[in-house]
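Here is the structure we will look at.
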Amino acid sequence: MEYSLDHEQLDKIEEYLQNELVDIGVHSVFLIDMAGNVIVDLDAGKLKHDVYSLAALAAGNFGAVSEIAKIVGEDEFSLLFHKGVKESIHFSKVMDDFLLIIIFGKEVSLGFLRLKVAEVTEKIKKLF
C-alpha cells in the first residue's frame, strides 16, 4: 500500500522527530521511502552528512537485508543497527513504505534510542 503525505502530516512528522529524537541528542534523523527518496531530514547542526547518498544506500541496504531475512526463514528484519567508533546508525521500518534512519553518537544509549524510536513510530503510524 502506498501512502501520500500532505503538508499537515509532514509538519507533524517533523515535530515528532524533532521532539522525540533530535532533542534527546541524536545527530540526524531522516525518513525515507523504500526507493531512497528523502521525505523528512532533520539534524542537530553538529555534523553534515550527504543525506541523499545515505538515503539511497540505506534503502538498498535494507532491501538486501530483507532478502537475507527470507533466506534464513524470517519475513523481515524490521530494524538494523551499525555501531561505529564516533557515530552509529539505526534503521527502523515504519509501516511498509518508510524507513527511519537515525545517526547518533555515544552520548545516546541504544536502549533509550530504541524506546524513543518505537514511540515516534507509533505516532507516525497514527497519522495514517
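Just so it is clear, none of the values below were taken in a lab; they were calculated from the coordinates. Just so it is clear, the model here is predicted, and its values are computed rather than measured. Here the Cβ is made from the backbone with ideal geometry for all residues, glycine too, and neighbour counts use every protein chain on show.
Among LYS12/LYS70; LYS70/LYS106; LYS86/LYS126; LYS70/LYS125, which pairs are too far apart, with a Cα-Cα distance over 29 Å?
LYS12/LYS70; LYS70/LYS106; LYS86/LYS126
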Subject >> Within the chain: Cβ-based charge dipole about Cα centre, in debye rounded to nearest 20 (Lys, Arg +1; Asp, Glu -1) >> reply: 580
Original post:
Gain in length, GLN9 to ALA64, computed as 0.36 nm per residue apart minus the alpha-carbon separation, to one decimal in nm?
Top reply: 16.9 nm
Subject >> Column: log10 I(q)/I(0), Debye, Cα scatterers of the range 1-57, q = 0.16, 0.18 Å⁻¹ >> reply: -0.52, -0.65
Subject >> Answer label, with Rg and Dmax of the Cα atoms in Å calculated from the coordinates and candidates (1) 14.0, 41; (2) 17.9, 63; (3) 18.5, 57 >> reply: (1)
Subject >> Sequence-distant residues sharing a close amide H with HIS27 (under 5 Å, placed H) >> reply: ILE103, PHE104, GLY105
**OP:** Set the Förster distance to 25 Å, then compute FRET efficiency between ASN37 and LYS106 from the Cβ-Cβ distance, nearest 0.05.
**Re:** 0.25
